[in-house]
Structure formats: structure tokens, C-alpha cells
């Protein structure tokens, strides 16, 4: 599904190396989690995969479904099946949620050479997906993320994932700013989208999200590299000892 090979990248504004040789393989049906201290490069990795400006890839390659991701524009990556859920979703006043979702879906369908979905068919689709995720019609009628609580914004991104049906989903610190109940709701939505045709990468600081979304693999990132990988027990080890144990600082 996603193959990251020796990826090196700099922050252009400061000409500062952020990623220093990231290697990661994610297969269809798998859920991976990347954990690490602040400044380790976790969010930078997600930005570069999504095609955000301000970063320069110095070396390495990234393959999604066997195709070179880094050579594509962001909209081409999305059409191929890449989705990034942001740590801080953007508010778009004046743009209805349903209008936004239908426009995004039809833009992707057009790039894939598919016919546009009609307004009536899309309404049925969106309501069906929302109902499956436990999201009421009221959220569908509001402007995109405008006036939403932190939990509503994150649940809205899960709805976007459900409608767009991406193959590779990255959730960047989706637990940030959520209370316990909101996190459980968001986690339930993510778990509803798990399946053999889709891969999910969670970026998080804390074990608490992984109490609700159990990953198949956990990776620890430090100083721009993945320095340790394991199963769910690795996240528990971080919770108990902190990141210092990797350098022998924790007993």
C-alpha cells in the first residue's frame, strides 16, 4: 500500500533537516501508529506525504499503490486514495458541509475518469455514511467546521473519510484537544472504517488513543527517523517509561 524508503526532507524556510532517513512499510488492512516526542518529525512526515508546501525532499522515495507519490500534485494524491486528517481542521465559513463534500468527491471522480454523482444520490450517500457513524443531520447542514467543537471537527473529518473512501488514511494527532467522550466517538468512527481494502496511520503522542484504536504495529520516531518498531506493547512501554528509555535514560 504505502512504502517510504530512506526519506530525507528539509524545512525550506530554515534550511533545516527534519526527516533523516525514514523507512516504513504499510500494507492494506493494517493500522500503524507513529509515536514520538515533540520535534521528532511526525507531523512533518504527514505534511510531506500530503504535498504541503514549505518542505524540500532531499532523498528517498514514497510509493502509494506502486506509484511515486512525491511526483504528484496534492489533488492527484487524493484521487489516488490518499487522505490526511489534520490536527487542527480548518474552518470554512459560508461553505456548507454537504456542498464541500460533494465538490470534493466529484473532483476526485473526475480525475479518475468517473461520472459526477448527482445531488440526490450524494444526499443519500452522505446520510447513509453519517448514520453509520452516529452523526446527525444537523452537522451535515452547517458550514464546514465553523463553530464546531473539537470533537465535532474530528468527527466531521471521519465523515469525509467515509464519503471519499480513501485507501490510505493518515490521522495527525486526531486526539489533540479532545475530551474522553469525544475521543471515544472519534475512535469508534475510525474503527468503523477499518477494513482489508484500507490502511490507516495514526500519529499521536499518547497511548490513550490506542486504548480505543488498537494498532497492528507501533513505531517510535526520534530525530527524524523511526528508531524502534513493535506491536501494541511498545506503546504501553512508552506510557510506562517515557521516550527516555530509548537512550538508556529510563530505568
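Under a Gaussian network description of the chain, with springs only between Cα atoms under 10 Å, the residue in 36, 94, 177 that fluctuates furthest is 94. From least to most packed, judged by other beta carbons within 10 angstrom and beginning with the fewest, 223, 137 follow the order 137, 223.
Answer rounded, prolate or oblate for region 31-163, using the Cα gyration tensor with square roots of eigenvalues a ≥ b ≥ c: rounded when a/c is under 1.5, else prolate when a/b is larger than b/c, else oblate. Judged from the Cα gyration tensor, region 31-163 comes out oblate (a/c at least 1.5, b/c at or above a/b). As a calculated quantity, the FRET efficiency between residue 236 and residue 75 at R0 = 45 Å, using C-beta atoms, amounts to about 0.70. Springs join every pair of Cα atoms under 10 Å in this Gaussian network model of the chain, and among 39, 189, 66 the largest mean-square fluctuation is at 66. Using a Gaussian network model of the chain in which every pair of alpha carbons under 10 angstrom is joined by a spring, one finds that among 92, 170, 200 the greatest mean-square fluctuation is at 92.
Beta bridges from DSSP with both residues in the chain: antiparallel share about 60 percent, rounded to the nearest 5. Full extension of the chain segment joining residue 91 with residue 192 gains 33.9 nm, where the gain is 0.36 nm per residue of separation less the Cα-Cα distance. When only Cα pairs under 8 Å and 6 or more residues apart are kept, what is the percent relative contact order across region 2-247? It comes to 29 percent, rounded to a whole number. Helix 97-111 and the longest principal axis of the C-alpha atoms of the chain enclose an angle of approximately 80°. The long axis of helix 232-241 is offset from the longest Cα principal axis of the chain by roughly 60 degrees. Computed over region 1-96, relative contact order equals 32 percent, with contacts defined as Cα pairs under 8 Å that lie 6+ residues apart.
Just so you know, all these numbers are worked out from the coordinates, no wet-lab data involved. All values derive from a computational prediction rather than experimental measurement. Here Cβ is always computed from backbone atoms with ideal geometry, including for glycine, and neighbour counts include all displayed protein chains.
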